[in-house]
Amino acid sequence: MKKILILAGGFGTRLKSLVHDVPKPLAPIDKKPFIHYLILNLIEQGADDIVLLLHYKSDQIKEAIKHLDYKKKYPYLTIRFIVESEPLGTGGSVSNAINELDIRESFLVINADTWLGSGLKLINSSKFCSIAAIRVQDSSRYGTLKILDNKIVGFSEKDPNVSEGWINAGLYNIHPKNFKKYLSHKKFSLEEVILPRIAEEGNLYSICLDTDFIDIGIPEDYLKFCRWIKGDKNALKS
């Protein structure tokens with residue numbers, strides 16, 4: 001499977017009312033950090049080369065990953081870390097990783113606060129730059145994707161008056177060539193700079209998934225995921 005970059009450098013400010021002493025990827029879920037469940041889910045879908053892109057409290061995340069010691073059970077698995085000296089935004093973080101690792105082939109990117117039950121193999125097999133899309137009942141928090149014949153032709157801003165729709169699920173198949181114009185040490189957004197430009201060129205496709213989805217970035221959804229892990233299988237549907 002392609003290399004997977006996990007965006008895990010954010011500050012998680014919206015979750016601080018419940019999780020204030022650790023970075024968001026380490027938000028405790030039934031006595032284990034969220035990143036543990038995320039990595040296991042990726043492994044179960046075929047991941048074997050994972051790179052965590054870190055900044056905020058990076059030492060805590062590195063220590064937690066080492067403590068979980070995946071190598072014993074998955075000896076083929078490679079987990080590496082890139083620590084940014086300053087916040088680079090999602091686009092700058094990926095661009096920096098491309099430079100640091102000399103990435104020349106397409107790769108996958110996923111958010112460290114997003115859970116997708118499946119779909120990794122499907123987007124991994126895509127021959128194009130792609131975004132995993134999920135249909136939700138309330139898209140007002142996310143903004144929506146404009147999709148035509150499997151191509152993403154635009155992005156709609158968050159709108160409190162919009163309900164159901166296809167949203168960006170935080171999983172991408174992308175190529176280094178899309179970052180050539182951007183310096184790796186500059187701060188910029190993958191979602192606001194890179195993806196819209198690829199869409200404008202007519203080269204961005206959607207991979208529409210029907211699977212469990214949650215973004216734990218706000219307290220309400222973090223608590224939903226906690227309930228789901230503990231056995232409430234309807235928690236993510238509410």
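For Ser140, which of the numbered conditions (1) open to solvent by less than 70 Å² (accessible area, probe 1.4 Å); (2) of a type in the set (S, T, N, Q); (3) in contact (Cβ under 8 Å) with a residue 24 or more places away in the chain fails to hold?
(3)
Give segment 35-85 a look and list any residue that's surrounded by fewer than 15 Cβ atoms within 10 Å (Cβ to Cβ), under 26 Å from Thr13 (Cβ atoms) and either at pLDDT 95 or above or of a type in the set (Phe, Trp, Tyr) (or both), or say none.
Val83
Where residues in segment 33-67 are part of a strand (DSSP E or B) and of a type in the set (Val, Ile, Thr), which of them is nearest to Lys2 (Cα to Cα)?
So the residue we want is Ile50.
Tell me, please, whether a residue that is buried (at least 17 other Cβ atoms within 10 Å of the Cβ), part of a strand (DSSP E or B), in contact with a helix residue (DSSP H, G or I) (Cβ under 9 Å, 6 or more places away or on another chain) and not basic (Lys, Arg) can be found in segment 215-230.
Yes, because at least one residue in segment 215-230 is buried (at least 17 other Cβ atoms within 10 Å of the Cβ), part of a strand (DSSP E or B), in contact with a helix residue (DSSP H, G or I) (Cβ under 9 Å, 6 or more places away or on another chain) and not basic (Lys, Arg).
Can you run down the residue pairs with Cβ atoms below 6 Å, 6 or more apart or on separate chains, where the first is in segment 96-109 and in a helix (DSSP H, G or I) and the partner is surrounded by 18 or more Cβ atoms within 10 Å (Cβ to Cβ)?
Within 6 Å, the pairs are Asn96/Leu88; Ala97/Leu5; Ala97/Leu53; Ala97/Ile82; Ile98/Pro176; Ile98/Phe179; Glu100/Ile82.
Listed here are the residues, each with its yes/no results for (1) touching a Ser or Thr at 6+ places or on another chain (Cβ under 6 Å); (2) more than 30 Å from Asp232 (Cα to Cα); (3) of a type outside the set (Ser, Thr, Tyr).
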position: Asp30; (1), (2), (3): no, no, yes
position: Leu38; (1), (2), (3): no, no, yes
position: Pro75; (1), (2), (3): no, yes, yes
position: Ser85; (1), (2), (3): no, yes, no
position: Ile103; (1), (2), (3): no, yes, yes
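The values are calculated or read from the model by the stated rules, or taken from the named source; none is laboratory data. These figures come from a predicted structure and were not determined experimentally. Glycine also receives a Cβ, built like all others from the backbone with ideal geometry; neighbour counts cover every protein chain displayed. Keep in mind that these areas ignore ligands, DNA and RNA; they rest on the heavy atoms of the full protein, side chains included. Shrake-Rupley method; radii C 1.70, N 1.55, O 1.52, S 1.80 Å.
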